[in-house]
Amino acid sequence: MNVAILGNGGFGSALAIVLGRDHRVRLWGHDRAYTQEVARTRHNPRYLSRATLPESIVVTTEFDEVFAGAEVILAAVPTQHVRAVAQQAAPRMSSDVPIVSLAKGLEQLSGRRPSEVLVEVCGGTREVLVLSGPSHAEELALGLPATVVLAGGDVACLERLQSELSGPALRIYRNSDVLGVELCGALKNVMALAAGIADGLGFGDNAKAAVLARGLVEMARYGEVEGARRETFYGLAGVGDLAVTAFSRHGRNRAFGERIGRGEAMADILASSPKVVEGVWTARAVRERSRSLGIEMPLCEAVCDVLYDGAAPRSAVSALMTRDPKEEA
């Protein structure tokens, strides 16, 4: 299969390595000088330092080259850049090639999901699917096993891509709940920020377990109001991805939250790494949307209080612990 991947960050590069074992893969990057260096050295030190890209993978900065003969397009671009990249790429895409969105967030200005942005910009009758689940790039690139979920509305397209893209190290389940799978990927990053803040404050495993349990409740509550299926949040895209993001040393959002909990300034943390922390932007979009819908999301509110409203992390946790007692369900 001819696979085009937009975005040579960690996840895009890791998938190129995994899929390159069985398919013809072309990988596109927006930074011309850096991407040309990756093409020459076969290393991606900025985003995936321990991996080597096989010579069979074409690395390019040209849309015409990455889309040549493509049978599927994987969009591995950070959420806040999906629209800009799609606007540039759309005129060069074949109208019948499906796009699989890999981004996990909500567009800050519009609150739209990445797949919605792709449908809006790329138009046509093409199928837009979503791939999500517990899949850190650092482990994927090393060939460690991962299991994810692919969501789409066209059953034939969904089953075909599930079969084609699955492999010995990448097991893919399918799901028709595109909305739920995509919201899981966005919301779990906000909860991972909360878990990281608890880590930074030194609150231990009990506190983190509570954050994850109650965070999952918030995620499912939000998703149900938006029209997603509740059971999706208790699958790979929800609890699975939440767990790995909140506990793993590779979790960007957890690590970011930990530094916030230790007292570092948000601007300084963002400036210290080229890697995108999706939850920072998604948290504010979720807070605005949840307020407009009347959805109670105390953990999301607390994260935004700390990131955007000047609340001290310890004070935000104290406010959560002293909320009115209520029944769990």
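The values are calculated or read from the model by the stated rules, or taken from the named source; none is laboratory data. Quick caveat: nothing in here was measured; it's all calculated off a predicted structure. Note that we place each Cβ from the backbone using ideal geometry, even for glycine, and neighbour counts take in every protein chain shown. Ligands, DNA and RNA are stripped out before the accessible areas are found, and what is left, the full protein with its side chains, is counted by its heavy atoms. Shrake-Rupley method; radii C 1.70, N 1.55, O 1.52, S 1.80 Å.
Remark: relative contact order (segment 1-124) = 25 percent; criterion is Cα-Cα distance under 8 angstrom and separation of 6 or more residues.
Computed about its Cα centre, the charge dipole of the chain is approximately 540 debye, with only Lys, Arg, Asp and Glu carrying charge at their Cβ. A 1.4 Å probe over all protein chains sorts His43, His23 by accessible area into His43, His23, starting with the largest. For segment 2-114, the Cα-based Rg and Dmax, in that order, read 13.4, 40 Å. Could you check which residue among Val85, Val128, Val181 shows the biggest mean-square fluctuation in a GNM of the chain with a 10 Å Cα cutoff? Sorting by GNM fluctuation, first place goes to Val85.
Taking the alpha-carbon distance from Lys188 and a cut-off under 18 Å, which lysines remain once sequence neighbours fewer than 8 residues away in the same chain are dropped? Cross-link targets: Lys104, Lys208, Lys275.
Figure legend: label point modelled 7 angstrom from the Cα of Ala156 along Cα→Cβ; residues of segment 112-127 with amide N under 13 Å from it are 127.
Accessible surface calculations at 1.4 Å, restricted to protein heavy atoms, place the chain at 43 Å² per residue. Relative to the compact-globule estimate of 2.2 N^0.38 Å, the Cα radius of gyration of the chain comes out at 0.97.
Using just the helices of the chain, give the 222 nm mean residue ellipticity in deg cm²/dmol: DSSP H runs with n ≥ 4 each add -39,500 (n - 2.57), and the total is spread over all residues, rounded to 500. All intermediate terms of the calculation are to be shown ahead of the outcome.
Working: 15 runs with 164 residues, N = 329.
So the helix-based figure for the chain works out to -15000 deg cm²/dmol.
Expressed as a whole percent, the accessible area of the chain that falls on carbon and sulfur atoms is 50 (1.4 Å probe). When DSSP assigns beta bridges and you keep just the ones with both residues in the chain, what percent turn out antiparallel, to the nearest 5? Taking every DSSP beta bridge within the chain, about 20 percent pair in antiparallel fashion.
Select from segment 170-275 those trypsin sites (Lys or Arg not before Pro) which occupy a DSSP coil region and have at most 10 other Cβ atoms within 10 Å, ordered by residue number.
Arg249
Charged neighbours of Thr35, selected by a Cβ distance under 11 Å, balance to 0 (K, R count +1; D, E count -1).
Helix 278-293 sits at what angle to the longest principal axis of the chain, using alpha carbons and giving 0 to 90 degrees rounded to 10? Rounded to the nearest ten degrees, it is 60. For Leu129, nonlocal amide neighbours, meaning residues 5 or more places apart or on other chains whose placed amide H falls under 5 Å from its own, are Ile99, Val100, Ser101.
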